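Here it is: the structure, laid out below.
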Amino acid sequence: MIDLTIHEAQIEKNAQLCARQGILLPTYKEMADPDTVSAEIKEELKGIGLNQVHSRNLYRVTWENEPLETGGTYSGVNYIELPSSLTGIKARIVGLVGKWFPTGAHKVGASYSCLAPTLVTGQFDPEKNMAVWPSTGNYCRGGAYISRLLACKSVAILPEEMSQERFNWLKKMADETIATPGCESNVKEIFDKCAELNAERGDSIFIFNQFSEFGNHLWHHEVTGRSMEKVLKQIMGPKDRFAGTCVSSGSAGTTASGEYLKRVYPGAKLAVSEALQCPTLLSNGFGGHRIEGIGDKHVPWIHNLKNTDMVVAIDDEATMRLLRLFNEALGKSYLKEMGVDPSLIEILNVMGISSICNLLTTIKFARYYELTEEDVVMTVFTDSEAMYTSRLAELNAERGPYTRDNAVADFELLRATGTDALLELRYEDRKRIHNLKYYTWVEQQGKTYAEINAQWYDRDYWENIYRAKDRLDELILEFNERVRRNM
């Protein structure tokens, strides 16, 4: 659960530190609805770059940033809708765009939602603690960035085979970067490194494990979910139906957006995907894969399986081929030949590898449920091609220059996406996957038998997480008042 234990003396020290640095913290309400941000802060943002190390960029932890590299304020939720000329299905596919967050990825929101509550409750001491960010990529980037904005030191942990762009960023942003053995799905090695650091450094570190931190889940429920709702209200007509949310499993934070929408649109579903090469949810499988940003080989502690309706496996080869189709000149030229709007083609680079995984998940979902033109499916495009330019160079070196024949084959691959490797979950399927948490979290990571059962049987368990938002907003506002008094 989200710990709201108050340490009064440390809160005052943290407020004094933030006052010296001129740091103010956004509430969940402000992140979900930046129209509520003060005119003074909006004016300051007009002179600040999107990725600049400036504490006012905390107020850019929202889906509504104006899509500018510098000087923007807010211009509504960033999203794109993908037409049937590209997807080959009748349903409307809508994805929120993560490119316009600081760091270029939406994980910065989850990072803020984990660290900020510990500052305003006094649990974290920036003069004593280092924030440790175990991740398979973007979360530790976001964590290192948020730590810098909040005048905290950071340790980033990620697998050594992640894209070079991530490591280049961390060289400039993190105080310490640790590369663990393996690829995207080697999550246990990250956990083992955390245990090692805990034994070595004790209470000088504070580990924010995205796979078990409910701040991650809460942020996506209260910010991503509400942002999706805004878009749906904007684009849906009187005959349209919201069919469901499709996101990759990853740390399970983004799944909370689908849970929020199920409350607003009864009957909507939540589909969760993973790599076919590592089908943990689908068939208790394991293995390495190349869909950077989605983890695997375990079930995240913060995944509410009772509220998950489908699991889908996506072939990582499909994501790599479509990355080329969407970004190589001959790929874009062929898409234009096939009737895809040129203006859309030019912005397909907002989809990185895990975003393409989410796109393929929506297509499988729509085909399975035989959705029509009156159905809308939501997803997120977590990060952009900018995180994977080195992967495109590697693919060219490995496979040769991209050709028109490649484009033809890859477009056919996209349009042939079917309903293989998926499972609509019955009650017993949901419980089977939930039970897998035992082996990671109870046997290895210190959770209790009572806690894992509470997640399944306690009707108030997940509601209590969502209720924490109002109290956290109160604490953030009180903290900001302390900061102002100390300025």
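Those residues that are open to solvent by less than 10 Å² (accessible area, probe 1.4 Å) and either touching a Ser or Thr at 6+ places or on another chain (Cβ under 9 Å) or under 23 Å from Thr440 (Cβ atoms) (or both), I need them from the range 223-237; list them, please.
Within the range 223-237, Val223, Thr224, Gly225, Ser227, Met228 meet the criteria.
Do we find that Gly47 is surrounded by fewer than 19 Cβ atoms within 10 Å (Cβ to Cβ), without any contact (Cβ under 8 Å) to a residue 40 or more places away in the chain and not aromatic (Phe, Trp, Tyr) in this structure?
Judged against the criteria, Gly47 is a match.
Let me ask another. Find the helices (runs of 4 or more DSSP H) located wholly in the range 70-178 whose residues include 3 or more that are among the small types (Gly, Ala, Ser), in contact with a Lys or Arg (Cβ under 9 Å, 6 or more places away or on another chain) and surrounded by 19 or more Cβ atoms within 10 Å (Cβ to Cβ), and list them.
Where helices (runs of 4 or more DSSP H) fall fully within the range 70-178 and carry at least 3 residues being among the small types (Gly, Ala, Ser), in contact with a Lys or Arg (Cβ under 9 Å, 6 or more places away or on another chain) and surrounded by 19 or more Cβ atoms within 10 Å (Cβ to Cβ), they are 138-149.
Please give the number of the condition Val376 fails out of (1) open to solvent by less than 10 Å² (accessible area, probe 1.4 Å); (2) closer than 21 Å to Glu165 by Cβ.
So Val376 meets the others, but not (2).
Over 30 Å from Ile353 (Cα atoms) and either surrounded by 14 or more Cβ atoms within 10 Å (Cβ to Cβ) or among the polar types (S, T, N, Q) (or both), is that true of Arg482?
Considered against the rule, which asks whether it is over 30 Å from Ile353 (Cα atoms) and either surrounded by 14 or more Cβ atoms within 10 Å (Cβ to Cβ) or among the polar types (S, T, N, Q) (or both), Arg482 comes out as yes.
Still on this model: Among the residues of the range 406-421, how many are assigned to a helix (DSSP H, G or I) and either among the basic types (Lys, Arg) or buried (at least 20 other Cβ atoms within 10 Å of the Cβ) (or both)?
Of the residues in that region, 5 qualify.
Considering every residue within the range 336-343, establish whether at least one is crowded, with 24+ Cβ neighbours inside 10 Å, touching a Leu at 6+ places or on another chain (Cβ under 7 Å) and touching a residue at least 40 places away in the same chain (Cβ under 8 Å).
Taking every residue of the range 336-343 in turn, none turns out to be crowded, with 24+ Cβ neighbours inside 10 Å, touching a Leu at 6+ places or on another chain (Cβ under 7 Å) and touching a residue at least 40 places away in the same chain (Cβ under 8 Å).
Further question: Looking only at the range 77-89, which residues are under 17 Å from Leu413 (Cα atoms) and of a type outside the set (A, V, I, L, M, F, W, C)?
Of everything in the range 77-89, those that are under 17 Å from Leu413 (Cα atoms) and of a type outside the set (A, V, I, L, M, F, W, C) turn out to be Pro83, Ser84, Ser85, Thr87, Gly88.
In the list Lys469, Lys447, which residue meets the criterion of being touching a residue at least 40 places away in the same chain (Cβ under 8 Å), open to solvent by 30 Å² or more (accessible area, probe 1.4 Å), more than 22 Å from Met310 (Cβ to Cβ) and not in a helix (DSSP H, G or I)?
Lys447
Considering only residues that are in a helix (DSSP H, G or I) and open to solvent by 20 Å² or more (accessible area, probe 1.4 Å), which ones fall in the range 181-203?
Residues satisfying the conditions are Lys188, Glu189, Asp192, Lys193, Ala195, Glu196, Asn198, Ala199, Glu200, Arg201, Gly202, Asp203.
Suppose the filter is polar (S, T, N, Q), touching a residue at least 40 places away in the same chain (Cβ under 8 Å) and open to solvent by 20 Å² or more (accessible area, probe 1.4 Å); does Asn327 pass it?
yes
Quick test of your reading of the structure: Asp35 fulfils all but one of (1) part of a helix (DSSP H, G or I); (2) crowded, with 18+ Cβ neighbours inside 10 Å; (3) not aromatic (Phe, Trp, Tyr). Name the failing condition by number.
Condition (2) is where Asp35 drops out.
Let me ask something additional. Could you grab the pairs with beta carbons closer than 8 Å, sequence gap of 6+ or different chains, first residue in the range 407-430 and more than 30 Å from Tyr457 (Cα to Cα), second one open to solvent by less than 80 Å² (accessible area, probe 1.4 Å) and acidic (Asp, Glu)?
Short answer, once both residue conditions are applied: Ala407/Glu328.
If I ask for residues that are assigned to a helix (DSSP H, G or I), of a type outside the set (D, E, K, R) and either in contact with a His (Cβ under 6 Å, 6 or more places away or on another chain) or farther than 17 Å from Ile291 by Cα (or both), which ones from the range 391-405 would you list?
Asn396, Ala397
The values are calculated or read from the model by the stated rules, or taken from the named source; none is laboratory data. Owing to the predicted nature of the structure, the values given are computational and were not obtained by experimental measurement. Methodologically, a virtual Cβ is constructed for each residue, glycine included, from the backbone with ideal geometry; neighbour enumeration extends over all protein chains shown. Just so you know, the surface numbers come from the protein's heavy atoms only, side chains and all, with ligands and any DNA or RNA stripped out. Shrake-Rupley method; radii C 1.70, N 1.55, O 1.52, S 1.80 Å.
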